[in-house]
Amino acid sequence: MRVPLSWLREYVDLPAGESGRDVQEKLVGVGLEVETVEQLGADLKGPLVVGQVLTIEELTEFKKPIRFCTVDVGQANGTGEPQEIVCGARNFAVGDKVVVVLPGAVLPGGFAISARKTYGKKSHGMICSGDELGMGDWGSPRTESGGGSGGIIVLPPEHEVGTDAIELLELVDEVLDIAVTPDRGYCLSMRGVARETATAYGLPLRDPALIDVPAPNAHGYEVKVADPAGCDRFTARTVTGLNPEAHSPIWLKRRLQKAGMRPISLAVDITNYVMLELGQPLHAYDRSLVEGTIGVRRAEQGEKITTLDGAKRVLDAADLVITDERGPIGLAGVMGGAHTEIADAEPDPETGEVKGTTDVVIEAAHFDQLSIARTARRHKLSSEASKRFERGVDPQATSAAAQRTVDLLVLLAGGTAEAGVTEVVAPSAPRTITIPADHPDKVAGVAYGRETVVRRLQEVGCDVYGQDTLTVTVPSWRPDLTDPNDLAEEVIRLEGYENLPSTLPSPPAGLGLTERQRTHRRVGRALAGAGYVEALSYPFIGEQVFDELLLEADDPNRRVVKLVNPLSDEEPALRTTLLPGLLAALRRNDSRGSHDLALFETGTVFHPREEQRTAVRLGVDRRPTAEELAGLDEALPYQWRNVAVVLTGAREQAGWWGKGRPADWADAVEAARVVARETGVELTVRGGQYGPWHPGRCAELVVEKDGAEKVVGYAGELHPRVIKALGLPARTCAMELELDALVADEVLQAPRISTFPVATQDVALVVDADVPAVAVEAALREGAGELLESLRLFDVFTGEQLGEGKKSLAYALRFRAADRTLTVDEASAARDAAAALAGERTGAVVRGA
Amino acid sequence: MSAPNKSYDPVEVEALKPEEIERIRDEALAAFAAADSLEALQAAKVAHAGGTSPLSLANREIGALPPQAKAAAGKLVGQARAAVGRGLAARQTELEAERDARVLVEEAVDVTLPYDRTPAGARHPLTTIMERVADVFVSMGYEVAEGPEAEAEWFNFDALNFVPDHPARQMQDTFFVQGPEGTKGDESGVVLRTHTSPVQARALLDREPPVYIVCPGRVYRTDELDATHTPVFHQIELLAVDEGLTMADLKGTLDHMVKALFGPDMKTRLRPNYFPFTEPSAEMDMVCYVCRGESVGNPDRPCRTCGSEGWIELGGCGMVNPRVLTACGVDPEKYSGFAFGFGIERMLMFRHNVEDMRDMVEGDVRFTRPFGMEI
């Protein structure tokens, strides 16, 4: 809502020097979000005067038609001589009153005016358009000849030549732009903002809705409301004999402009003006085009209407419509129909007689909030009217708004108000809320006292009765006040949120982070400690990425949760794997010149349920049952947290210390081990094959849970085809595993430390090249028995002397007993036993034996 | 060596004459002093303090002296030997110190050489700032609660008093999840949560009051990515439900939070606002972290962070709407509560002077790395 300060002053006697910023501060204090205060004409400097066009010489030798004019500006130029001005616009004629800016003036935007030569003539100033004066579209007549927002302002003829146009056009003003929250529909009007202003300043309000209204009678335009729940009030008034040539006066146009609306025609401008003033949307029908009784009913499914915006709309049975005897003539509370639109004044080409609407029926009605909201949404049609109705309009303002419209039509368009006053009103009782008088005190934690509470509620417009318990009748313009806490808020905000004390509650002792939460933090720290940088990518993916990742047709990761309204049609699904997002981040970094990269992400992946259901919209008047809640959760996709890393380039840099080392599959596998170590879960790494990974360089990551093995992820070098398809650097490596599957269920038991000396034994075993090291190691451990303290593979060797298809694995074994110093024989025996079992299990032969 | 001879006149033993002992001693000391290396000193030691050195030989002669002469001669030789020993040790120490000094100089390196062998990793500042905020509340006794990102509409809207078709529901541009085959549009009843507030409802359904929880998490709205918007962002939500909680408690909790995160002289301001799930509702501002309010009315020192307003908008808050309590089975007659929520991106932007939202989204290591492990 845009509120011109000059207009606001009409209802509240603000202190004379009060600036827009001052008012902003006060209104923010009572809860109106005044986003900006626009300073209109702040840098404007005259002379800017009314002039009359005396002569026009058409200059035709230029690319576009140019006019050389002489304009009478009275004594404003100091000489009284006609002012010579070159003008490129054409929507004015000799004799027209226009706005002239003279040399020495400064227009908005710091545009200084001086006499200058242009199009071969000297131009002493300018004839101004609305744009040049920072006013917007003037809605001038003769728009067909170059009007619109760029067109010259043609003033009504009654304004004297030489008059100061800055004052005449009210060019200097301040406009408060207020973002009205959905509960404050009444502040989408000058009346509502004025009320808040008056309360904030403690000044009286001149309520523009308090005007004399004639009693309803039986001779008004006939209206039948078939759906009183959808329309609980309908006021209709008729004005006849309007002068179709009458134009909106400057003050009316200027107020509309400052409030952000475009002047259109007098009748429409008046209905818009009254809506801005009182918050009541109005509609004016050309009476000659309405057939018989006006009705309000629900539409028939499939019924059609063409609305004022020219759109043909197919109606839904839930839409509320205004009808005449032939059918819908308006989408109630949203937009009128084109057929009964007020006609612009147009001269008849034959006779020259100006024709246009002369008789109008004014509708001021009140419609159901939700019905209007749904219709506006259904037809994707948000209008000034629907915006107000869906936020709540004062139902008791219809007759005042209708009267105000009638008054202005009579005053400005020379019409005659018919005596008939139609009012259809569905009976309703005033709404009351009962609260303990100290309820606001308890909500705020402040002792306001009963008197303050009652006074503040009265300022809001409530009627308040009672002592310890207050019975509060809320004003008709505040449909948002329904609950005790709504009343508490009114009291607290008017007393000032800034005056609330600051106290700290004492929560009961908490249990700190859960194990899962700690684990997530540890994993992040450990990966960062290992040199990985965290990226947080979007979860939106396109399904073609699964082909690029070489997933099998029946891969479960291909089953995705999709969005109805994705940002991009290319990425309509939610990720089932972190790799696409993380690899995109890798590619982005690479393309920006960072080539040695190690990235990680932990984040949610989404998998549809085997059987998808819809989530029921439960009621909110009680706690849902356990079954209902379970039903909601079962309608949600499976969601869990994965962790992934991607690497490329050097893992260790080359430098003065020596060579570097490229990132490879082993780093990816080690990242999985880092994660597992932090979770406290034993992770088994074995050879595997899975879509995105190089089939010979892919580790399958396995955990054991309740005696069963579960594959939780993969690590290694990516498949060359994946690297090509995704445009990644060669040899890019990756790891991804299901983090939530790594939950330690046992507390780590401390090892016993023996202080006896260690006995070290090395053994080199020759095995077939395809024997996995993990199998050899397992056999060695088992064979070495309990004297083995630790075991480490320190060399892998292949070479001619071993023979084709063989490799040598060299292990260092450390033996130690808890209770004695081991002899060399004991240690050797244990080593031999280990080698023997490795031989038995894996065919290993001790090298050199 | 002479045989013991009791009648032997000690004065007659040439080697034990005091002048001779002194000479031998001085010769030894001079040799040590002349030794210019540990090797030379070792040779001098053998020559002048070794088993066949003149002094050792003289020492042996003492045994041949008559008893009455032994004491004096022993003293004489003993003193000389002690002096030689001291001289040797002193020179040894000197030469070792010289050697050490030389070696240490030789071994010196340029310690300014860079060492970027394994570049450091880092956690994303959004992650770490969320943890930091959560930790402020965990230290007060709050617990960290979580909820799903694909969430039932009932939790995201209805339970929070967002009436169907109410304009408030359209304030948040929602991603809808497709329903089962045969359903259309938004009929699945499942959305990507538009705020962390559904966790409020989940917490109230999961726990018995008193409930004090904080919930950091990812949320979604259908905004295109630009310098100030992102469709995927992070919020942190706080909920306290207990007997007798007031707006003053809310204010105190907010004040404490900004002090903990931004320094002891920080404070907050509440402005009335509207949210369906709180009543009364407020917008919370904090003193501008950058200019500390000094840019207000001071055109010479404009502040880009707060637009010279002196305050930064943090997020929304209020007293939990009793309707929310009812929908979650908590008796609003007995319990009251407060809640607030704010955007983490925004906090990161003004706390660390981030100018472009995209920097937090794109995963560029040059942006993230300086933030390190914690924030």
Skip the ligands, DNA and RNA, and give the accessible area per residue of chain A with a 1.4 Å probe, whole Å². 45 Å²
Name the residues whose placed amide hydrogens come within less than 5 Å of the amide hydrogen of A:Val213, ignoring near sequence neighbours (fewer than 5 apart) on the same chain. none
GNM, chain B, Cα, under 10 Å: largest mean-square fluctuation among B:Asp100, B:Asp186, B:Asp135? B:Asp100
A drop of at least 30 square angstrom in accessible area, chain alone versus all protein chains together, probe 1.4 Å. Which residues of the range B:317-343 meet that? B:Arg323, B:Thr326, B:Ala327
Residue among A:Gln761, A:Thr519, B:Gln42 farthest towards the positive dipole end of the protein assembly as shown, charges placed on Cβ: B:Gln42
If unit charges are put on Cβ atoms (+1 for Lys and Arg, -1 for Asp and Glu) and the dipole of the range B:114-208 is taken about its Cα centre, the option from B:Thr196, B:Leu160, B:Thr128 lying farthest towards the positive end turns out to be B:Thr128
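I want to verify the translational diffusion coefficient of the range A:582-707 in µm²/s; compute it with Stokes-Einstein, Rh as the Kirkwood radius over Cα pairs, at 25 °C and 0.890 mPa s.
Numbers: Rh = 18.6 Å.
For the chosen part, D equals 132 µm²/s.
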Return the single residue from B:Leu348, B:Leu225, B:Leu65 with maximal mean-square fluctuation; model: Gaussian network over chain B, springs between Cα atoms under 10 Å. B:Leu65
Round to a whole angstrom and tell me the spacing of the C-alpha centers of the range A:429-451 and the range A:795-849. 85 Å
Can you list the residues of the range A:609-638 whose accessible area drops by at least 40 Å² going from the chain on its own to the full set of protein chains, with a 1.4 Å probe? A:Gln612, A:Thr614, A:Ala615, A:Arg617, A:Val620, A:Arg623, A:Leu632, A:Leu636
Enumerate the calculated ³J(HN,Hα) couplings along the range A:741-753 in order (Karplus 6.51 cos²θ - 1.76 cosθ + 1.60, θ = phi - 60°), each rounded to whole Hz, writing x wherever the residue is Gly or Pro. 7, 9, 10, 6, 9, 10, 7, 4, 9, 5, x, 8, 9
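Return the calculated 222 nm mean residue ellipticity for chain B, to the nearest 500 deg cm²/dmol, obtained by summing -39500 (n - 2.57) across DSSP H runs with n ≥ 4 and dividing by the residue count.
Details: 13 runs with 150 residues, N = 375.
Computed ellipticity for chain B at 222 nm equals -12500 deg cm²/dmol.
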At a Förster radius of 22 Å, what calculated FRET efficiency corresponds to the Cβ-Cβ distance of A:Glu610 and A:Val711, to the nearest 0.05? 0.70
Rg to Rh, two decimals, where the range B:96-192 supplies the alpha carbon set and Rh follows Kirkwood: 1.48
Principal axis box of the range B:199-255, alpha-carbon based, largest edge first, Å: 43, 28, 13
Give me the one-decimal nm value for the distance between modelled label points at A:Glu160 and B:Glu208, 7 Å along each residue's Cα-to-Cβ direction. 8.6 nm
Two pseudo-spin positions, 7 Å from Cα along C-beta at A:Thr798 and at B:Leu225, lie apart in nanometres by 4.2 nm
Non-local amide H neighbours of B:Gly315 (under 5 Å, H modeled in plane, Pro and chain starts lacking H): which ones? B:Met284
Ignore the peptide's own chain and count Cβ atoms of other chains within 10 Å of each Cβ in A:756-768; give me the average, rounded. 0
For A:Asp207 and A:Lys224 in the same chain, what is the full-extension length gain: residue separation times 0.36 nm, less their Cα-Cα distance, in nm? 3.1 nm
With Rg from the Cα atoms and Rh as the Kirkwood inverse mean 1/r over Cα pairs, the range B:267-375 has an Rg/Rh of 1.11
May I have the convex hull volume per residue, in Å³, for the Cα set of the range A:39-102? 107 Å³
Label points 7 Å out from Cα along the Cβ direction at A:Thr452 and A:Arg116: separation in nm? 6.1 nm
Quick one: dipole size for the protein assembly as shown, taken about the Cα centre, charges +1 on Lys/Arg Cβ and -1 on Asp/Glu Cβ, in debye to the nearest 20. 2600 debye
B:Leu261/A:Gln301 FRET efficiency (R0 41 Å; Cβ-Cβ; nearest 0.05): 0.15
Which percent of the accessible area of the range A:222-322 is formed by carbon and sulfur heavy atoms (probe 1.4 angstrom)? 49 percent
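Tell me, what % of the accessible area of the range A:385-499 is carbon and sulfur with a 1.4 angstrom probe?
49 percent
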Compute the angle between helix B:125-138 and the longest alpha-carbon principal axis of chain B, please, reported from 0 to 90 degrees and rounded to the nearest 10. 80 degrees
Can you give me the C-alpha center-to-center distance between the range A:158-223 and the range B:92-164, rounded to a whole angstrom? 58 Å
Using the Kirkwood formula on alpha carbons, the hydrodynamic radius of the range A:1-147 in angstrom works out to 17.7 Å
Averaged over residues of A:594-601, the number of beta carbons from other chains lying within 10 Å of each residue's Cβ is 3
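Could you run the numbers on buried accessible area between B and A, total for both chains, 1.4 angstrom probe, in Å² to the nearest 100?
Working: alone 20480 and 42690 Å², together 54270 Å².
Looking at B and A, the buried total is near 8900 Å².
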Any idea how far the Cα center of the range A:226-241 sits from the one of the range A:293-311, in Å? 16 Å
Every cysteine in the protein assembly as shown with no other Cys Cβ under 4.7 Å from its Cβ, please list them in numeric order. A:Cys69, A:Cys87, A:Cys128, A:Cys187, A:Cys231, A:Cys462, A:Cys698, A:Cys733, B:Cys215, B:Cys317, B:Cys328
Once every DSSP H run of n ≥ 4 in chain A is given -39500 (n - 2.57) and the sum is divided by its residues, what mean residue ellipticity at 222 nm do you get, rounded to the nearest 500 deg cm²/dmol? -7500 deg cm²/dmol
Long-range amide H contacts for A:Tyr811: which residues qualify at under 5 Å (H placed 1.01 Å from N, peptide plane, sequence gap of 5 or more or a different chain)? A:Val763, A:Ala764, A:Leu765, A:Phe794
Please turn the phi angles of the range B:283-290 into ³J(HN,Hα) values with the Karplus equation 6.51 cos²θ - 1.76 cosθ + 1.60 (θ = phi - 60°), one per residue in order, whole Hz, x for glycine and proline. 9, 10, 10, 10, 3, 4, 5, 8
Candidates B:Ser37, B:Ser308, B:Ser295: whichever shows maximal mean-square fluctuation once chain B is modelled as a Gaussian network with Cα springs under 10 Å: B:Ser37
Mean per-residue count of partner chain Cβ within 10 Å for B:237-248 equals 4
By per-residue mean of other Cβ atoms within 10 Å, what is the highest-first order of A:300-313, A:429-442? A:429-442, A:300-313
If each residue of separation counts as 0.36 nm, what is the full-extension length gain between A:Glu353 and A:Asp832 once their alpha-carbon separation is subtracted? 160.4 nm
Calculate one ³J(HN,Hα) per residue across the range A:331-341 by plugging θ = phi - 60° into the Karplus curve 6.51 cos²θ - 1.76 cosθ + 1.60, and present them in order as whole Hz with x for glycine and proline. 8, 3, x, 10, 7, x, x, 5, 5, 9, 4
Dipole magnitude of the range B:269-329 about its Cα centre, charges +1 at Lys/Arg Cβ and -1 at Asp/Glu Cβ only, in debye to the nearest 20? 80 debye
Along the charge dipole of the protein assembly as shown, Cβ charges K/R +1 and D/E -1, which of A:Gly17, A:Ile433, A:Leu788 sits furthest on the positive end? A:Leu788
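Given charges of +1 on the Cβ of Lys and Arg and -1 on the Cβ of Asp and Glu, with all other atoms neutral, how large is the dipole of the range A:537-628 about its Cα centre, in debye to the nearest 20? Write down the numbers at each step before the final one.
Details: 12 positive and 17 negative charges, 94 e Å.
Approximately 460 debye in magnitude.
The values are calculated or read from the model by the stated rules, or taken from the named source; none is laboratory data. Remember, predicted model here, so these are calculated numbers, not experimental data. Every residue, glycine as well, gets a Cβ built from its backbone with ideal geometry; the counts of neighbours run over all protein chains shown. When the accessible area is computed, the model is the full protein with side chains, heavy atoms only, and any ligands, DNA or RNA have been set aside. Shrake-Rupley method; radii C 1.70, N 1.55, O 1.52, S 1.80 Å.
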